[in-house]
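The values are calculated or read from the model by the stated rules, or taken from the named source; none is laboratory data. Since the structure is predicted, the reported quantities are computational estimates derived from the model, not experimental observations. No Cβ is skipped: glycine too gets one built from the backbone with ideal geometry, and neighbour counts run over all protein chains shown. SASA here: full protein model, heavy atoms, side chains in, ligands and nucleic acids out. Shrake-Rupley method; radii C 1.70, N 1.55, O 1.52, S 1.80 Å.
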Amino acid sequence: MRYKMIISYDGAYFNGYQRQIDLPTVQGKIEESLKIIFKEDITIKSAGRTDTGVHALNQVAHFDSDVNIPIKGLKKVLNKSLNPHIYIKEIDIVDNNF
């Protein structure tokens, strides 16, 4: 199952979007939260990335998992764990061709 997310974030608190070893990044933080929720390693794939200190309003990303979690609850739990610097604006299940 493929989940699509629209993400906004304040990049001032991160060393860019893309995951880096031992540095706080947007991708890293989201993947950490997803791992706790889905109880498996999750890798998100994004339409782009930003540098250190750069913000985003509508970053698009997706991830795959065989675990089916209701979208409304998933968005709520994710936003609670990512607050206050990352916000999931939308999350939907999309076709695997997305």
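Could you list, in sequence order, the residues of region 77-98 that are under 13 Å from Met5 (Cα atoms) and within 13 Å of the chain's Cα centre (by Cα)?
Within region 77-98, Leu78, Asn79, Ile86, Tyr87, Ile88, Lys89, Glu90, Ile91, Asp92 meet the criteria.
For residues that are among the charged types (D, E, K, R) and at positive phi, tally how many sit in region 45-98.
Counting residues in region 45-98 that are among the charged types (D, E, K, R) and at positive phi gives 0.
Name the pairs whose Cβ atoms lie under 6 Å apart, with the first residue in region 6-24 and in contact (Cβ under 8 Å) with a residue 60 or more places away in the chain and on the phi < 0 side of the Ramachandran plot, the second open to solvent by 50 Å² or more (accessible area, probe 1.4 Å) and among the aromatic types (Phe, Trp, Tyr), and 6 or more positions between them or separate chains?
So the pair list comes out as Ser8/Tyr87.
Taking region 64-76, which residues are more than 14 Å from the chain's Cα centre (by Cα) and in contact (Cβ under 8 Å) with a residue 24 or more places away in the chain?
Asp66, Val67, Asn68, Ile69
So, restricting to strands (runs of 3 or more DSSP E) that lie completely within the chain, which ones have at least 2 residues that are open to solvent by 50 Å² or more (accessible area, probe 1.4 Å) and at pLDDT below 95?
none
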